[in-house]
1. If you go through segment 55-69 one residue at a time, do you hit one that is buried (at least 20 other Cβ atoms within 10 Å of the Cβ) and either more than 24 Å from residue 126 (Cα to Cα) or free of Cβ contacts under 8 Å to residues at least 40 places away in the same chain (or both)?
2. Could you list, ordered by first residue, the pairs with Cβ atoms under 6 Å in which the first is in segment 158-175 and assigned by TED's automatic domain parsing to the domain that holds residue 114 and the second is in a loop (DSSP other than H, G, I, E, B) and surrounded by 17 or more Cβ atoms within 10 Å (Cβ to Cβ), at least 6 apart or interchain?
3. Determine if segment 96-107 includes at least one residue that is under 23 Å from residue 35 (Cβ atoms), in contact (Cβ under 8 Å) with a residue 60 or more places away in the chain and buried (at least 19 other Cβ atoms within 10 Å of the Cβ).
4. Any residue in segment 115-136 that is among the polar types (S, T, N, Q), in the same structural domain as residue 173 (by TED's automatic domain parsing), surrounded by 14 or more Cβ atoms within 10 Å (Cβ to Cβ) and at pLDDT 95 or above?
5. Please specify each residue of segment 97-136 satisfying the condition of being among the charged types (D, E, K, R), under 15 Å from residue 72 (Cβ atoms) and in a helix (DSSP H, G or I).
6. Looking only at segment 58-79, how many residues end up being on the phi < 0 side of the Ramachandran plot and part of a loop (DSSP other than H, G, I, E, B)?
7. Inside segment 76-86, can you point out the residues that are exposed (fewer than 14 other Cβ atoms within 10 Å of the Cβ) and at pLDDT 90 or above?
8. Can you pull out every residue in segment 70-95 that is touching a residue at least 40 places away in the same chain (Cβ under 8 Å) and either under 12 Å from residue 143 (Cβ atoms) or touching a Phe, Trp or Tyr at 6+ places or on another chain (Cβ under 9 Å) (or both)?
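The values are calculated or read from the model by the stated rules, or taken from the named source; none is laboratory data. Predicted model, so just to flag it, every value in this text is computed and none were measured. Cβ: placed from backbone, ideal geometry, glycine included. Neighbour counts: every protein chain shown.
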Amino acid sequence: MPPSPGLLKLLHGFVAASPAMTDVLTRVEWYARANTPIVLVGEPGTGKTTLAAVVHTASGRRGPLSAHTAREFDPQLQRSQFFGHEAGAFTGAHGRHIGVFEEAADGTLLLDDFHHLRRSTQMLLLRALGSGHFRRVGGSRDLPLRCRLVVGLTRSPDWLLHRRRLVPELRSRLGFSMIRLPRLEQRIDDIPSCRSGSSIAARWRSVNWGRAASQTTSSQPCSARHGPGTCGIWAWSSARGTCAPRGQTCSSCATSRT
């Protein structure tokens, strides 16, 4: 049976029904108004970007949410891409460039896959977080660090530290406000609340059909989801957001899983 409305937790459009995700949203409420960095730890597809948007909205910050992944930055130009540069700072710098920290202004900056940044870049970010200021490459004055940093990691900071993917000093600074997003199989109760087009729902369906099927005890016609005759082997249960187990017949397409 789906959870009763009284058990749902709603925070700025994000709905949680499972105990694991209810705890996540509780932690968002704890941390959102602070100015300290937040670390989101979760596997790809678990919703770190979506949760960062919830954190931003709950924080009440006036600026935008600026979302980036560390993989999009050029390893040789990361300092300029983060902090910006002045005209003539290096060969090819024909004009002033505004980095992502300055671009985020009074908003929230999400840096997903943070552990893919070079260690030298991590040290520069550590220095900026510690002082509250940064300087454009080739610049002569410090600029205030006004945005709130949200860091996305796929593994725990301690695991990354052990494998030298995270500098120790940065691990200490980022370790105070941490939210761990549960694995998708720990969030089955949330599936009916997910929009069919969301990354969480799509990835859950692609990975966990079989696991969900083993936990389902009844089925409903699948025509609303697949269309008559197109589901082939699975009967969709709208009540549980899962599929019928092997041996049950889909009443819409009359095909059974054996």
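1. Checked against the condition, which is being buried (at least 20 other Cβ atoms within 10 Å of the Cβ) and either more than 24 Å from residue 126 (Cα to Cα) or free of Cβ contacts under 8 Å to residues at least 40 places away in the same chain (or both), segment 55-69 yields no hits at all.
2. Hits for this filter: 160/166; 174/37.
3. So in segment 96-107, the residues under 23 Å from residue 35 (Cβ atoms) come out as 98-107.
The next check asks that each one be in contact (Cβ under 8 Å) with a residue 60 or more places away in the chain; those that pass are none.
Looking through segment 96-107, none of the residues is under 23 Å from residue 35 (Cβ atoms), in contact (Cβ under 8 Å) with a residue 60 or more places away in the chain and buried (at least 19 other Cβ atoms within 10 Å of the Cβ).
4. So the first thing to find is which residues in segment 115-136 are among the polar types (S, T, N, Q), and the list is 120-122, 131.
Right, trim to in the same structural domain as residue 173 (by TED's automatic domain parsing) and you get 120-122, 131.
Within this subset, residues satisfying the condition of being surrounded by 14 or more Cβ atoms within 10 Å (Cβ to Cβ) are 121-122.
From what's left, at pLDDT 95 or above: none.
Looking for residues that are among the polar types (S, T, N, Q), in the same structural domain as residue 173 (by TED's automatic domain parsing), surrounded by 14 or more Cβ atoms within 10 Å (Cβ to Cβ) and at pLDDT 95 or above, one finds none in segment 115-136, hence no.
5. From segment 97-136, those among the charged types (D, E, K, R) are 102-103, 106, 112-113, 118-119, 127, 135-136; that's our starting set.
In the following step, the residues that additionally are under 15 Å from residue 72 (Cβ atoms) were identified as 103, 112-113, 118.
Result: 103, single match.
6. Going through segment 58-79, the residues on the phi < 0 side of the Ramachandran plot turn out to be 58-59, 61-79.
If we keep only those that are part of a loop (DSSP other than H, G, I, E, B) as well, we get 61-64, 73-77.
Qualifying residue count, segment 58-79: 9.
7. First, the residues of segment 76-86 that are exposed (fewer than 14 other Cβ atoms within 10 Å of the Cβ): 76.
Matches in segment 76-86: none.
8. Correct list: 70, 73, 80, 82, 83, 84, 86.
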